[in-house]
Amino acid sequence: MGSLPPSLDLPADPKHGQQRQIDESTLLNLFKAQQNHLNYFFRHLDLSQALSFSQTLLNTTGTIFFSGVGKSGFVANKISQTLVSLGIRASFLNPVDALHGDIGALSSLDVLVLFSKSGNTDELLRLVPCARAKGAYLVSVTSVEGNSLASVCDMNVHLPLERELCPFDLAPVTSTAIQMVFGDTVAIALMGARNLTKEEYATNHPAGRIGKSLIFKVKDVMKKQNELPVCREGDLIMDQLVELTSKGCGCLLVVDPDHHLIGTFTDGDLRRTLKASGEAIFKLTVGEMCNRNPRTIGPDAMAVEAMKKMESPPSPVQFLPVIRDQNVLIGIITLHGLVSAGL
């Protein structure tokens, strides 16, 4: 391996006064060891427990609450957010805050899932009798056999843990990894059982590209009314140069008096006409040189379909006139507009 660039020089080891480095083979061995630990989890997981847990969450009529302390708490919070993004009622319940009022959110219709590697976490054990008094169904998810938390909950899921990757078998790096794998896999099982559609998923992610591609319609992102570069077919090309360039669409939309679309004339058409006609261009009308069979799209089509239509053979285009019944022009959608909208 080559030496690190000066800007990435590692600080010296204070004990030995030498530059600290990570050997490539050491890193590879760590990844392989973690892979083996994860494989141990997959080989020894009791699928019947996982299925009972998944079915319990699926049949919950209330909210699925997740709780945990430390790193397990971060995992519990993340899994609750995954479920929420799938349209499932879920939330994270901080075990300390719960004992100071937040437990008021719990009801007899809810499930409370407690993540803990050891199953002996004091904060969770103190939470259990209070949650039980609220009537919630309690599930512990632990990795140590015969733990206290499992004995006081209605259900326990054992996540088999061979050991932590940490050389001291202390830092929770493998245990949290299997907690995350388990929780997120169950979340996707719930997603399938609830027959969540791609469109429903998108409504929960409106700011993301997936959401936008499944929510935005042409009418949501098109230019309309005064933004349209319209002209009549009898207009001279040279008289419409300002209209051609000022609206930022790269074209003219040629319409009749009733606003029916006749054709389009692009800046590319202008260059080709000028090259072929020379000074004769001063006498040519837009109608003589326009494309009378342009690609068009309707306002209720999905915006992503407009992008596909722009990119389709025989050659890509930068815009699509938007028309409604009887070929009436109501807008224009441009590639630049789609990109600006995040599609």
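Hey, among the residues in region 75-113 that are hydroxyl-bearing (Ser, Thr, Tyr) and within 13 Å of Ala187 (Cα to Cα), which one's nearest to the chain's Cα centre (by Cα)? Give the derivation first.
Taking region 75-113 first, the residues hydroxyl-bearing (Ser, Thr, Tyr) are 80, 82, 85, 91, 107-108.
Within this subset, residues satisfying the condition of being within 13 Å of Ala187 (Cα to Cα) are 80, 82, 85.
Working: Ser80: 16, Thr82: 11, Ser85: 9 Å.
Filtering region 75-113 for residues that are hydroxyl-bearing (Ser, Thr, Tyr) and within 13 Å of Ala187 (Cα to Cα), the one nearest to the chain's Cα centre (by Cα) comes out as Ser85.
Does Gln225 satisfy the criteria of being under 20 Å from Pro299 (Cα atoms) and either at pLDDT 90 or above or open to solvent by 70 Å² or more (accessible area, probe 1.4 Å) (or both)?
In short, yes.
Conditions tested, residue by residue: (1) open to solvent by 50 Å² or more (accessible area, probe 1.4 Å); (2) in contact with a Pro (Cβ under 6 Å, 6 or more places away or on another chain); (3) part of a helix (DSSP H, G or I); (4) at pLDDT below 95.
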site	(1), (2), (3), (4)
Ser67	no, yes, no, no
Gly73	no, no, yes, no
Gly87	no, no, no, yes
Ser107	no, no, no, no
Ala131	no, no, yes, no
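Can you name every residue in region 271-296 that is hydrophobic (A, V, I, L, M, F, W, C) and either open to solvent by 100 Å² or more (accessible area, probe 1.4 Å) or in contact with a Lys or Arg (Cβ under 6 Å, 6 or more places away or on another chain) (or both)? First the steps, then the outcome.
Residues of region 271-296 that are hydrophobic (A, V, I, L, M, F, W, C), as a first pass: 274, 276, 280-282, 284, 286, 289-290.
Result: Phe282, single match.
Against the definition (buried (at least 19 other Cβ atoms within 10 Å of the Cβ) and either of a type in the set (Val, Ile, Thr) or in contact (Cβ under 8 Å) with a residue 24 or more places away in the chain (or both)), how does Ser143 come out, yes or no?
Working: buried (at least 19 other Cβ atoms within 10 Å of the Cβ): yes; either of a type in the set (Val, Ile, Thr) or in contact (Cβ under 8 Å) with a residue 24 or more places away in the chain (or both): yes.
So Ser143 passes the test.
Identify, from the list Leu57, Leu27, the residue that is assigned to a helix (DSSP H, G or I) and in contact (Cβ under 8 Å) with a residue 24 or more places away in the chain.
Working: Leu27 fails: in contact (Cβ under 8 Å) with a residue 24 or more places away in the chain.
After applying the criteria, what remains is Leu57.
Run down Lys198, Lys212 and say which single residue is more than 15 Å from Val141 (Cβ to Cβ), surrounded by fewer than 13 Cβ atoms within 10 Å (Cβ to Cβ) and either at pLDDT below 95 or under 18 Å from the mean Cα position of the chain (by Cα) (or both).
Answer to the check: Lys198.
Enumerate the pairs (first residue in region 183-206 and within 15 Å of Thr56 (Cα to Cα); second residue anywhere and modelled with pLDDT under 75 and hydrophobic (A, V, I, L, M, F, W, C)) with beta-carbon separation below 8 Å, excluding pairs fewer than 6 apart on the same chain, so at least 6 apart or on different chains.
Matching pairs, first to second residue: none at all.
Here are Asp258, Asp239, Asp300, Asp325: which of them is open to solvent by 90 Å² or more (accessible area, probe 1.4 Å), under 30 Å from the mean Cα position of the chain (by Cα) and not aromatic (Phe, Trp, Tyr)?
Numbers: Asp258 fails: under 30 Å from the mean Cα position of the chain (by Cα); Asp239 fails: under 30 Å from the mean Cα position of the chain (by Cα); Asp325 fails: under 30 Å from the mean Cα position of the chain (by Cα).
Every option except Asp300 fails the conditions.
If Leu252 passes every condition in (1) surrounded by 16 or more Cβ atoms within 10 Å (Cβ to Cβ); (2) part of a helix (DSSP H, G or I) but one, which one does it miss?
(2)
The values are calculated or read from the model by the stated rules, or taken from the named source; none is laboratory data. Quick caveat, the model's predicted, so the values are computed rather than measured. No Cβ is skipped: glycine too gets one built from the backbone with ideal geometry, and neighbour counts run over all protein chains shown. For accessibility, only protein heavy atoms count, side chains too; no ligands or nucleic acids. Shrake-Rupley method; radii C 1.70, N 1.55, O 1.52, S 1.80 Å.
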